[in-house]
Amino acid sequence: MITIYGDPGSGNCLKVKWTAERLGVPFTWKNIDIMQGESRTPSFLAMNPAGQVPTVRLADGRHLAQSNAIILHLAEGSALIPADPYERAKMLEWMFWEQYSHEPTVAVARFQMKYLGKRRDELDPKLLERADLALRRLEAGLAARTYLASNALTLADIALVAYTRMAHDGGLRLSDYPAVEAWVERIEADLPIRDPR
Ligand SMILES: N[C@@H](CCC(=O)N[C@@H](CS)C(=O)NCC(=O)O)C(=O)O
């Protein structure tokens, strides 16, 4: 049995939970309240020196961090990773982009409004510009596609839906990106996702 150390408000943590649920991997969920510093205690830092969730304890006692590394590990050999080498690399292309260009904009805008209590007009306009650019990039990627990397659900869809579905919390409107909005609903139904947006 694996243990997921996570914060239920974190898209990065929910990715891990949804992947485990989808694959039927049994897990125990341990709530870590990052706003209370629970990811910075000595015992947590012993599991993940970066002091971040998600962190998992695997069945053999080893630990693993970084949401996309964790879901890759859980999904190894499953249909969530395309067999075709190009599609597999395409999936990774989206996942790397998610961590570098999407999460640091869409999720950070959300964090500042939802957790730090900023109003939309208090956000750095450049942050909102970059978040909009990320959602437009996603919109273009989904224009003629049902799923991001292949003709079936992959880890790329799971990784990217996590914060995209919460974009409204960061002052962004999904209705401005119709292909993205339709894809979010599709992935939520496919997985299925029951966590509130
Ligand atoms: N790239 C990491 C990001 C992890 C991350 O930023 N986690 C946040 C919550 S979403 C966290 O633990 N913040 C608490 C802290 O840094 O003290 C991943 O994908 O897992």
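The values are calculated or read from the model by the stated rules, or taken from the named source; none is laboratory data. Everything numeric in this text was worked out from a predicted model, so none of it was measured. Neighbour counts are summed over all protein chains in view; Cβ atoms, including those assigned to glycine, are modelled from backbone coordinates with ideal geometry.
Set side by side, the residues ALA109, ALA75, ALA134, ALA89 differ, and just one is touching a His at 6+ places or on another chain (Cβ under 8 Å) and farther than 18 Å from TYR5 by Cβ, which is ALA134. Taking the condition free of Cβ contacts under 8 Å to residues at least 12 places away in the same chain, more than 13 Å from the ligand (Cβ to nearest atom) and under 21 Å from LEU142 (Cα atoms), does ALA89 pass? Yes, satisfied. Applying the criterion of at least 2 residues that are among the acidic types (Asp, Glu) and in contact (Cβ under 8 Å) with a residue 24 or more places away in the chain to the helices (runs of 4 or more DSSP H) found wholly in the range 116-197 leaves 125-142, 178-190. Applying a threshold of 9 Å to beta carbon distances and a minimum spacing of six or more residues, or different chains, the list of pairs starting in the range 29-55 at a residue that is in contact (Cβ under 8 Å) with a residue 60 or more places away in the chain and of a type in the set (Gly, Ala, Ser) and ending at one that is part of a loop (DSSP other than H, G, I, E, B) and near the ligand (Cβ under 10 Å from one of its atoms) is empty. Considering only residues that are closer than 16 Å to GLU103 by Cβ and assigned to a loop (DSSP other than H, G, I, E, B), look in the range 1-42 and name the one that is farthest from the ligand (Cβ to nearest atom). Taking the candidates together, the pick is GLY9. Taking residues in the range 56-70 that are modelled with pLDDT of 95 or more, and partners anywhere that are assigned to a loop (DSSP other than H, G, I, E, B) and more than 13 Å from the ligand (Cβ to nearest atom), the pairs with Cβ atoms closer than 8 Å and at least 6 places apart or on different chains are ALA59/MET1; LEU64/LEU58. Scanning the range 67-99 for residues that are surrounded by 16 or more Cβ atoms within 10 Å (Cβ to Cβ), under 21 Å from GLY24 (Cα atoms) and not aliphatic (A, V, I, L, M) yields SER67, ASN68, PRO82.
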